1. Considering only protein heavy atoms and a probe of 1.4 Å, how much of the accessible area of the chain is carbon and sulfur, as a whole percent?
2. Rounded to the nearest 0.05, what FRET efficiency do M10 and D54 give with R0 = 25 Å and r taken as the Cβ-Cβ distance? Could you check?
3. Please compute the alpha carbon radius of gyration of the stretch 17-89, then divide it by the globular-protein estimate 2.2 N^0.38 Å. Two decimals is fine.
4. Step by step: find N for the stretch 36-77, compute 2.2 N^0.38 Å, then divide the Cα radius of gyration by it. What's the final number?
5. Helix 41-60 versus the longest principal axis of the chain: what is the Cα-based angle in degrees, 0 to 90, to the nearest 10?
6. Which whole-number value in Å² is the accessible area per residue of the chain, probe 1.4 Å?
7. Please give the helix 12-35 orientation as an angle from the longest Cα principal axis of the chain, in degrees from 0 to 90, rounded to the nearest 10.
8. Treating cross-link reach as a plain straight distance, find the lysines whose alpha-carbon is under 21 Å from the alpha-carbon of K67, omitting any fewer than eight places away in the same chain.
Amino acid sequence: MSRKMPLEDMSRDRREAVIRALASKLQYSAEIAKLQHDPNWPQLEELAATLFRDSSEIARAEPETAKASVMEGIRLLGQFEMSQIAMEPRLAH
């Protein structure tokens with residue numbers, strides 16, 4: 001079992017990789033959200049673009065700055081995922 005390392009304990013390179021992976025997931029989710037006319041797709045798309053563009057700078061910033069960016073991405077993804085669950089057809093019992 002792998003131990004999860006806090007963002008602030010990661011190397012700059014590892015933080016940048018995590019930020020870019022999050023940006024990729026945000027971008028993918030934004031594309032789905034746009035196709036489904038989800039009103040939150042612009043936020044997903046905007047944060048994805050910002051994280052891709054500024055991933056190196058964010059990774060070099062104070063750990064709290066990087067953590068805030070990552071937490072915002074996680075919040076948006078969670079919100080999107082919850083809207084997907086709400087849209088799933090209910091199974092008849």
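1. Of the solvent-accessible surface of the chain, carbon and sulfur hold 56 percent.
2. With R0 = 25 Å, the Cβ-Cβ based efficiency is 0.90.
3. Its radius of gyration relative to the 2.2 N^0.38 Å reference: 1.12.
4. Dividing the Cα radius of gyration by 2.2 N^0.38 Å gives 1.24.
5. 10 degrees
6. 71 Å²
7. 20 degrees
8. Within the straight-line cut-off, K67 pairs with K4, K25.
The values are calculated or read from the model by the stated rules, or taken from the named source; none is laboratory data. Since the model is a prediction, treat every value here as computed from it, not as a measurement. Neighbour counts are summed over all protein chains in view; Cβ atoms, including those assigned to glycine, are modelled from backbone coordinates with ideal geometry. The protein model used for the area step is the full one, side chains on, heavy atoms only, and it has no ligands, DNA or RNA in it. Shrake-Rupley method; radii C 1.70, N 1.55, O 1.52, S 1.80 Å.
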